[in-house]
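Here is the structure we will look at.
Just so you know, all these numbers are worked out from the coordinates, no wet-lab data involved. Given the structure is predicted, the values throughout are model-derived calculations rather than measurements. In this analysis, Cβ positions are derived from the backbone assuming ideal geometry, glycine residues included, and neighbour counts consider all displayed protein chains.
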């Protein structure tokens, strides 16, 4: 993790050094598909997962939607075959222990905290180009068309999965992402009847609706998934439960 006391030039030089150390590491083939961490969501995607060397946008319907939960779960899956997970945290809201609880290895996690939009865009470009990076997670607020295209080319060159968590306003903007997913939290269903028996406590759950806004051959498809926060499992219609640590949802949702 970079020191907050370093100057801008020193921080950029340090990041460049870290990236060079990763360059010699082997990464899986760029055409390999990476699981999202949820079987039901994998089935929603036309190619059964996320492609290495591509950008994916997770668009949050509102704050606390859980978009970061999904992005970090995918990052953990991308790093299973090796490579670093970079988190570009300009907002300084990322909670690293939650990502580790969700399956990201501590030794593979590198957090970068740029101080400006310019630093953020430079860092994303350089990190995505590195062959030793498995996944990059970031929260860019605005992406101009030329910048977005440059990041897409950087991801294609390096082979990392670029996971961009963005707000609802980005839905109206042009995108160079290979897939765009709309993440919307759902209210828990109301209890169907009153019981006079002993009180019981149901496992805490969070429910999501995910809509595939963009992907070749699969636009407009939607699934609803429930997350059992006690067991850390996703449940979707006609899908097996998929393991995900509950701490990931509790600590990183909406960040």
Note to self: If neighbour count is taken as other Cβ atoms inside 10 Å, put 146, 171, 129 in order from fewest to most.
What the structure shows: 146, 171, 129
Checklist line | For peptides 64-70, 93-99, 178-184, 135-141, sequence by mean Cβ density within 10 Å, most packed first | finding: 64-70, 135-141, 178-184, 93-99
Checklist line | Order of 89, 125 under a 10 Å beta carbon neighbour criterion, fewest first | finding: 125, 89
Check: If we count other beta carbons within 10 Å of each Cβ, what is the order of 72, 41, fewest first?
Finding: 41, 72
Next item on the list: Assign one of three labels to the stretch 33-96, namely rounded, prolate or oblate, based on the Cα gyration tensor with a ≥ b ≥ c the square roots of its eigenvalues; rounded applies when a/c is under 1.5, prolate when it is not and a/b is larger than b/c, and oblate otherwise.
Entry: oblate
Notebook entry, point to check: What shape does the stretch 64-173 have by the C-alpha gyration tensor, where a ≥ b ≥ c are the square roots of the eigenvalues, rounded means a/c under 1.5, and otherwise prolate means a/b greater than b/c and oblate the rest?
Noted result: oblate
Margin query: Given a Förster distance of 41 Å, report the FRET efficiency between residue 168 and residue 107 from their Cβ-Cβ distance, rounded to the nearest 0.05.
Written below: 0.70
